[in-house]
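Trainee: Dropping the structure in here first, questions after.
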There are 2 protein chains.
Amino acid sequence: MTEAKLVKDEVTAKQTEVARGPGRRLHGAIAHKLGTDILSGKYVPGDILSGEVAFAEELNVSRSAYREAIQVLTAKGLVASRPKTGTRVLPRDRWNLLDPEVLGWAFAGEPDIEFVRNLFELRAIVEPAAARLAAQRRDKADLKAMKDALAAMRQHTLTTETGRAADRDFHSAILHATRNEALIALSASIGAAVNWTTQFKHRSPTLPRNPLPDHVRVYDAIVAEDPEAAAEAMNVLVDLALEDTRNAMEA
Amino acid sequence: MTEAKLVKDEVTAKQTEVARGPGRRLHGAIAHKLGTDILSGKYVPGDILSGEVAFAEELNVSRSAYREAIQVLTAKGLVASRPKTGTRVLPRDRWNLLDPEVLGWAFAGEPDIEFVRNLFELRAIVEPAAARLAAQRRDKADLKAMKDALAAMRQHTLTTETGRAADRDFHSAILHATRNEALIALSASIGAAVNWTTQFKHRSPTLPRNPLPDHVRVYDAIVAEDPEAAAEAMNVLVDLALEDTRNAMEA
DNA sequence: ATTCCATAATATGTCGGAGTAAATGAGAGT
DNA sequence: ACTCTCATTTACTCCGACATATTATGGAAT
């Protein structure tokens, strides 16, 4: 080993390593780290991630990888960089909060209670309307997707990852059944809210109610091609989820 | 000039140049080109943008710039790249269609009629509910933003860019007044829909109705803190816009 | 002929250095 | 006090090399 290499190793030992899971590229790992740091409030809007070179050295990665990560954050509206001034964290209303990856970063640490409330409000607006449309337009493939999701929910409780996945799939299937690409694009965001909800309920000391019957009611209304009943059933479903979450919040 | 440079110029002359407007970075311009190409259907899901090096040479840019552009597209869910296989265009339901930049690319060429309908459906779902919330939570700053937007709409017709901007600002102000970050994040998407609507109406042979009174009705209801009236007024507003657009489509 | 494993081929991923362009701030000149 | 010019800082772009991951290939064993 050359002396230069040795010195470098000594230096890098003090630097923060970026954890890159299997299959995850380096720049993706950097974007994840910076993204979670921003969403968690470690960097607040107006802060400057100054020094492309300095930052890359600190993370012990090349500038290329660091820059590609910055491009990802820029694409999601989290930061903007200009010569001389550096890379600045943008105000929150510029962030693409509905981006699936950004939502993941937001829920990586301790999620903000207020933001969870906001997502529930969005669900309360979108999902009943989506159920209404689904009841009007659904075809066999959509119904099968919902049915499969319900079957999976029967076999796994919400305390398991597969159970939560089934819950997400059910809500996603309804959004897909609207045949509206804009609504389908929201399914990732809605799914994140659904997922976190169930996780949170699991942590709660109160016994979570069995959500299956409420889901079945929505499904039945869609099968019966009854838009208003579907919307109402979904409305109940979201309200109950919100109520459960509120209880868990107070605990 | 060296001979090498001369040869290079001869080669580059045949290559497609990427148009980069003022203030736009090179990788941003590349992302714009590829993004519009994908959204316009030039590349369809499953297609492979193979050859990082080949593509970069064809566009006459360095591999770094090309790669950063690809990271942007990847961040928006348009493509995914793996070693050996290349960069593949993802299925449409993976696209972040509500991303402001993606929406811009979608409307860069001839917009898809069906997608416009979908965006109107989203507006019809979200905006009345947002107006309802705005009527409950609005404060002076929100009302001022709406009032300013209305004033700007009085002075400029929708045939001008400033007029369209005022229209966008009004709808954006209502979403901001909900104090819901998730809904605020939708304002860029809604704004794009609003903007394109007015542009489309302008092209239409039928005389566009004056939208100002309808907007004022929404504003008045919000000022009066009447949630239901605000929701209903906004409902009417979106319906009328949809109707106008439908007429223009048939023409 | 078929299956399996080692190997090679190929495209993306990562690296570090050099040079360019742009935005800011300081200083000279008015 | 103001404007303009220039120097500095920083991000932006390009380049060439190497590393890594995935697929394809070909031969050996069954």
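The values are calculated or read from the model by the stated rules, or taken from the named source; none is laboratory data. Everything numeric in this text was worked out from a predicted model, so none of it was measured. Note that each Cβ is placed from the backbone with ideal geometry, even for glycine, and that neighbours are counted across all protein chains shown.
Trainee: Could you identify the single residue in B:ALA80, B:ALA56, B:ALA29, B:ALA65 that is within 12 Å of another protein chain (Cβ to nearest Cβ), of a type in the set (A, V, I, L, M, F, W, C) and within 10 Å of DNA strand D (Cβ to nearest atom)?
Mentor: Testing whether each residue is within 12 Å of another protein chain (Cβ to nearest Cβ), of a type in the set (A, V, I, L, M, F, W, C) and within 10 Å of DNA strand D (Cβ to nearest atom) leaves just B:ALA65.
Trainee: Tell me the residue from A:ARG117, A:ARG123, A:ARG82 that is outside the structural domain of A:VAL18 (by TED's automatic domain parsing) and out of contact with any helix residue (DSSP H, G or I) (no Cβ under 7 Å at 6 or more places or on another chain), please.
Mentor: None of the other options fit; the residue is A:ARG117.
Trainee: Looking at (1) more than 28 Å from A:THR178 (Cα to Cα); (2) part of a helix (DSSP H, G or I); (3) in contact (Cβ under 8 Å) with a residue 12 or more places away in the chain, which is the only condition B:GLU127 fails?
Mentor: Answer for B:GLU127: the failing condition is (1).
Trainee: State which residue pairs qualify: first residue among the basic types (Lys, Arg) and inside segment B:28-40, second residue away from DNA strand C (no atom under 16 Å from the Cβ) in any location, beta carbons under 9 Å apart, and separation of 6 or more residues or different chains.
Mentor: Matching pairs, first to second residue: B:LYS33/B:THR16.
Trainee: Kindly provide the set of residues from segment A:42-53 that are away from DNA strand C (no atom under 12 Å from the Cβ) and within 14 Å of chain B (Cβ to nearest Cβ), ordered by number.
Mentor: Matches in segment A:42-53: A:PRO45 only.
Trainee: Using the structure shown, decide if A:THR85 is crowded, with 18+ Cβ neighbours inside 10 Å and either more than 15 Å from B:HIS27 (Cβ to Cβ) or within 15 Å of DNA strand D (Cβ to nearest atom) (or both).
Mentor: No.
Here is a yes/no grid of residues against (1) assigned to a helix (DSSP H, G or I); (2) within 12 Å of another protein chain (Cβ to nearest Cβ); (3) within 21 Å of the chain's Cα centre (by Cα):
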position: B:GLY104; (1), (2), (3): yes, no, yes
position: B:ALA108; (1), (2), (3): no, no, yes
position: B:GLU114; (1), (2), (3): yes, yes, yes
position: B:ALA134; (1), (2), (3): yes, no, no
position: B:LYS144; (1), (2), (3): yes, no, no
position: B:ALA152; (1), (2), (3): yes, no, no
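Trainee: Does B:VAL61 satisfy the condition of being aliphatic (A, V, I, L, M) and outside any helix (DSSP H, G or I)?
Mentor: Here the answer is yes, as B:VAL61 does meet what is asked.
Trainee: Go through segment A:54-78 residue by residue and tally those that are among the basic types (Lys, Arg), buried (at least 19 other Cβ atoms within 10 Å of the Cβ) and within 13 Å of DNA strand C (Cβ to nearest atom).
Mentor: Qualifying residue count, segment A:54-78: 1.
Trainee: I need the full set of residues from segment B:64-83 which are in a helix (DSSP H, G or I) and aliphatic (A, V, I, L, M), in order please.
Mentor: Result: B:ALA65, B:ALA69, B:ILE70, B:VAL72, B:LEU73, B:ALA75.
Trainee: Please list, ordered by first then second residue, the pairs with beta carbon atoms under 6 Å, 6 or more apart or interchain, first in segment A:186-198 and in contact (Cβ under 8 Å) with a residue 24 or more places away in the chain, second among the aromatic types (Phe, Trp, Tyr).
Mentor: Pairs that qualify, where the first residue is in contact (Cβ under 8 Å) with a residue 24 or more places away in the chain and the partner is among the aromatic types (Phe, Trp, Tyr), are A:TRP196/A:PHE107.
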